[in-house]
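Every read-out reported here was derived from the displayed coordinates using simple, explicitly stated rules and does not represent laboratory data. All figures in this text were calculated on a predicted structure; none of them were measured in a lab. Backbone-built Cβ (ideal geometry, glycine too); neighbour counts: all protein chains shown.
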Amino acid sequence: MADYFSPTVIPEIIPNADMTELELLLLSHMFDAGSDGEGTYFHSWQGSSDLIRVSRAELVAALYAAHGSDSRVRAYVEEKLKAAASGDASVELDMSGMSWEVILQDIVRRSSKLRYITVTTAFTCSKMRADGFGGMAMFITADAIKACSTTEFLSDCLADIAGEQGGKQDAPDFQ
């Protein structure tokens, strides 16, 4: 069996003052996080986590602190919390319906320091499989989330070659 990984790095140190407590809490569970006191560096050796478990008390406090912010994740988490069993000390959140990219975009929108956030992801595999390697780069601004994979890049290059040769080149199908 092959294991697939997507190590991810967000190289910008995100100022803690630019994040709501809720965003910091969630991103710190979706990624590994390192703090330098005034900012946080997010990364993951295997890829971000969509299914996270958070202390109910921490989550409720972070939701309360985020009240009135324009963070799009707040309403999503409020609905998930309502659906969770009320007696549990921790809450399991499926974050696949609210991507971390959207959370980062909200942070850029509010930030007076960040004009963008970049994300770099490698695609790796424990076996030498053709579909197990590559990567992706993402550029997140207040207005857009742009991404390009290595597959897209190679397809564009092959399309350029085919165009130069009048369509005579059969381009392989990268998927």
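A few points about this structure:
- Dipole axis of the range 4-164 (+1 Lys, Arg; -1 Asp, Glu on Cβ), positive-most option in 116, 103, 22: 22
- Dipole-positive endmost among 158, 142, 11 within the chain (Cβ charges, Cα centre): 142
- Each residue in 52, 161, 140 was given a count of other beta-carbon atoms within 10 angstrom of its own, and listing them fewest first yields 161, 52, 140.
- Distance from the range 119-152 to the range 46-106 (C-alpha centre basis), Å: 25 Å
- Debye, to nearest 20: dipole size of the range 18-175, +1 on Lys, Arg Cβ, -1 on Asp, Glu Cβ: 180 debye
- Put in order of Cβ neighbour count within 10 Å, fewest first, the listed residues 152, 23, 12 become 152, 12, 23.
- Averaging the sequence gap over all C-alpha pairs within less than 8 Å and six or more residues apart, then dividing by the number of residues, gives the range 4-164 a relative contact order of 24 percent.
- Nearest 10 degrees, 0 to 90: helix 21-30 Cα axis against the chain principal axis: 50 degrees
- Computed [θ] at 222 nm, helices only, for the chain once each DSSP H run of length n ≥ 4 contributes -39500 (n - 2.57): -10500 deg cm²/dmol
- Packing here is the average count of other Cβ atoms within 10 Å per residue, and on that basis the peptides 77-83, 133-139, highest first, run 133-139, 77-83.
- Tilt relative to the chain, helix 150-164 - C-alpha long axis, 0 to 90 degrees, to 10: 30 degrees
- With Cα atoms, 0 to 90° folded angle of helix 72-83 axis to the chain main axis: 60 degrees
- Per principal axis, descending, Cα span of the range 4-164 in whole Å: 61, 38, 29
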